[in-house]
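One structure is given below, encoded as C-alpha cells.
The values are calculated or read from the model by the stated rules, or taken from the named source; none is laboratory data. Here the structure is a predicted model, which is why all the values come from computation and not from measurement. Every residue, glycine as well, gets a Cβ built from its backbone with ideal geometry; the counts of neighbours run over all protein chains shown.
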C-alpha cells in the first residue's frame, strides 16, 4: 500500500501549469477574455475550435513584431540575391553575354526580386513558428481529458502559473465568476 | 463579435446626401468652369516662340499632344470607375459596397469624357499627333505599310465608334441599375437589380479588357507607329487600377471632412483601399519592368528606340521620376498597416499616386512628339533645334490648359452624378456587411 501514497505525495509536489476554464460558446469566452484582460494578466491564452473574430482585441494582444521580421528578411534576401549575381558574374565567372556589361541591374532584377520574396516567405513562416514557440512536442493541457473538445465544440482559457499576478485562489475565483462551465487546475 | 453592430437603418440621411451648403454641391459648376477655362487656355495659348517660332505645324503638334495627354489622364479615371465596379460585382465583394456608388459616379464619366477623342478624328487634326495618318509617308515605309490595314483613319474611326458604343452601354447600364435600386420598393426588386448587375459584370469585364487594351494601342502606342508592345494595354490598366483606388481615398476623405459618410466609410475601408494602392504599385512595377526587360534583353533596334529617346537629358530625369514616383516611394510609404489605416496620411499618398498617373501619361505621350520634332529638325539640318527636342521637355500653357480642362470636364460629370443621387447604394442587399466590414 506504500505505492499509491508515494504517488499522491509526488502529485502534491507537482509543478502547476495554471488554471483552465471551459466555455460552451464563443460569446461566453469573448466576455471572459475581456475580464481576464482587464484583471491585468499577461501570460495566458485562449483556445477555440475556430477563429473567433476580434478575440485578439478582447484579449488585448499587441500587434505582432512579425511584419518587421518579414521586412528585414525580404531586404536581406533582395540584397543577397543582388550580391550573389554580382559576385558570380563579375568575379567568380566573368562572361560576356549578348554584348551586355558583366554587371547590369536589368538582368539582375528577377533573381533579386525572387530572393526577396523567398526570404520574406521564410521570415513569415519560420518567424510565425518561432513567435508561437512551435513545434512544441509537449503541452500540459493535453493531459486534460476535457481539453480534447477544444478542436470540436468547446472554448478554453488557460491562465499560466508563471504569470506575475497568478494566485491559485484569486485566479480560480476570477474564472469561476465568468460564464465558465468548468474550472480546474492543471499540472505541468 | 464587434461590440457595436451597425444597421443600415442607423444611417442618417445627411450622411448619404451631398450637403447643400458644402463645396461638394457646387462641384458640377466648379468642374464646368475649370473645363471651359482650361480648354480655352489650351486652345488659345500662343506659341511660346523659341524653337516653335518658325513652325506653326510644330506648335499645333505640341498642342494636340498636350490635348491627348489630358484626355488619356481623365479617361483613366473613368476607366478606373468602370473596372472597379465590374470587379466588385464579379467577385461579389462585401467590403466595397459603401464606396461603390462613388466608383459608379466616376464610371458615368467614361463615355462622355471619351467624346473628347472626336476632335482627333475631325479633318486633319489627328495628323498633328499620329504619324500614321500621313498616308504619303506611309507609302515609303515598309514597316508602316505592313500595319496599314490596322493603322488607317477609317479603321481608327470605326474602332473608336465601337468603343464609344460599348463604354456607353456597359457604364450607363450599371449606373442606371444601381440608381434604380435606391428607389426599389421591395427587397425582391432590390435583389433583382443586384442580380442584373452581377450578370453584366463578366460581360463588362471582357468588354473592358479588350476596349481598354485596343484603346491604349490606338491612342498612345500608335504615337510611335514603328514600335509595338503586347503588354502596353496592361501597363495602362495597371496605372488605371492604382490611380482609381487612390482617387476613391481622396473622394472619401474630403466627403468625410465635409461631414458626410461619417461612420459609413471607416478606417477598415481605407485600409483596403490602401492595400490595393500598395498591391497595384507592385503590379505596375511588375508590368512596367516586364515591358522594359524583354526589350532591353532582345536589344532589337525597332523596339529599343522607344526607350532610347526617353533616356536623354531631361527625358531621362522624367523616366527616373516615373520609376521612383510610381514604385520606390509608394512601395515603402504604403508598407505599414498603421499608415494605410490613417486617412490623414493615406490621402497624401493618394494625391501623390493620382499626380503620378498624369506624369506617367506624360511619359508615354509626350516623348514621341519630341522625338519626331528632333528627327524632322535633324533632317532639315537644324542641329540646335534637334538637340533641344532631343534633350528637353517642353512645358507650355497648352499642357496646363488641357490638363485643367479635362480634369474639369471629369469633375463636372462626376460632380453632377454625385449630387443627383445618394452617396451610397442604400438598398444594396449586402450593405450591412460592408458597413461592419473589418480586417482581421
**Item:** Qualifying residues in region B:349-381 (those that are in contact with a helix residue (DSSP H, G or I) (Cβ under 9 Å, 6 or more places away or on another chain) and over 21 Å from residue B:310 (Cα atoms)) - the one surrounded by the most Cβ atoms within 10 Å (Cβ to Cβ)
**Value:** B:353
**Message:** Of the conditions (1) over 30 Å from residue A:22 (Cα atoms); (2) at pLDDT below 95; (3) within 11 Å of chain B (Cβ to nearest Cβ), residue A:103 satisfies every one except a single condition; which number is it?
**Reply:** (3)
**Request:** Test each condition in (1) in contact (Cβ under 8 Å) with a residue 40 or more places away in the chain; (2) more than 14 Å from chain B (Cβ to nearest Cβ) for residue A:148 and report the one that comes out false.
**Result:** (1)
**Request:** Could you list, in sequence order, all residues of region B:382-415 that are over 30 Å from residue B:30 (Cα atoms) and touching a helix residue (DSSP H, G or I) at 6+ places or on another chain (Cβ under 6 Å)?
**Result:** B:385, B:386, B:388, B:389, B:390, B:391, B:392, B:393
**Single residue of region A:43-63 satisfying the filter (more than 11 Å from every other protein chain (Cβ to nearest Cβ) and either without any contact (Cβ under 8 Å) to a residue 40 or more places away in the chain or out of contact with any strand residue (DSSP E or B) (no Cβ under 9 Å at 6 or more places or on another chain) (or both)) that is surrounded by the most Cβ atoms within 10 Å (Cβ to Cβ)** = A:59
**Prompt:** Would you call residue A:84 more than 14 Å from chain B (Cβ to nearest Cβ) and part of a helix (DSSP H, G or I)?
**Reply:** yes
**Asked** For residue A:67, which of the numbered conditions (1) in contact (Cβ under 8 Å) with a residue 12 or more places away in the chain; (2) within 14 Å of chain B (Cβ to nearest Cβ); (3) under 19 Å from the mean Cα position of the chain (by Cα) fails to hold?
**Response** (1)
**Message:** List the residue pairs whose Cβ atoms are under 6 Å apart, where the first residue sits in region B:1-24 and is within 30 Å of residue A:51 (Cβ to Cβ) and more than 14 Å from chain A (Cβ to nearest Cβ), the second is part of a helix (DSSP H, G or I) and at pLDDT 90 or above, and the two are 6 or more positions apart or on different chains.
**Reply:** B:6/B:435; B:8/B:431; B:8/B:432
**Item:** Subset of region A:64-74 [loosely packed, with under 14 Cβ neighbours inside 10 Å and part of a helix (DSSP H, G or I)]
**Value:** A:68
**Request:** Give the residue, chosen from A:171, A:112, that is surrounded by 13 or more Cβ atoms within 10 Å (Cβ to Cβ) and either on the phi > 0 side of the Ramachandran plot or within 14 Å of another protein chain (Cβ to nearest Cβ) (or both).
**Result:** A:112
**Asked** Got a number for residues in region B:69-118 being in a helix (DSSP H, G or I) and closer than 23 Å to residue B:180 by Cα?
**Response** 29
**Request:** Would you check if residue B:433 is within 14 Å of chain A (Cβ to nearest Cβ), touching a residue at least 40 places away in the same chain (Cβ under 8 Å), over 29 Å from residue B:320 (Cα atoms) and assigned to a helix (DSSP H, G or I)?
**Result:** yes
**Fill in**
Among helices (runs of 4 or more DSSP H) completely within region B:257-350, the ones holding 1 or more residues that are within 14 Å of chain A (Cβ to nearest Cβ) and closer than 23 Å to residue B:361 by Cα are B:267-298, B:301-308, B:313-323, B:329-333
**Asked** Taking the stated definitions as given, is residue A:118 without any contact (Cβ under 8 Å) to a residue 24 or more places away in the chain, more than 25 Å from residue B:298 (Cβ to Cβ) and within 40 Å of the chain's Cα centre (by Cα)?
**Response** no
**Item:** Failed item in (1) more than 30 Å from residue B:254 (Cβ to Cβ); (2) buried (at least 18 other Cβ atoms within 10 Å of the Cβ), with residue B:415 passing the rest
**Value:** (1)
**Item:** Positions within region B:173-206 being touching a helix residue (DSSP H, G or I) at 6+ places or on another chain (Cβ under 8 Å) and outside any helix (DSSP H, G or I), in sequence order
**Value:** B:184
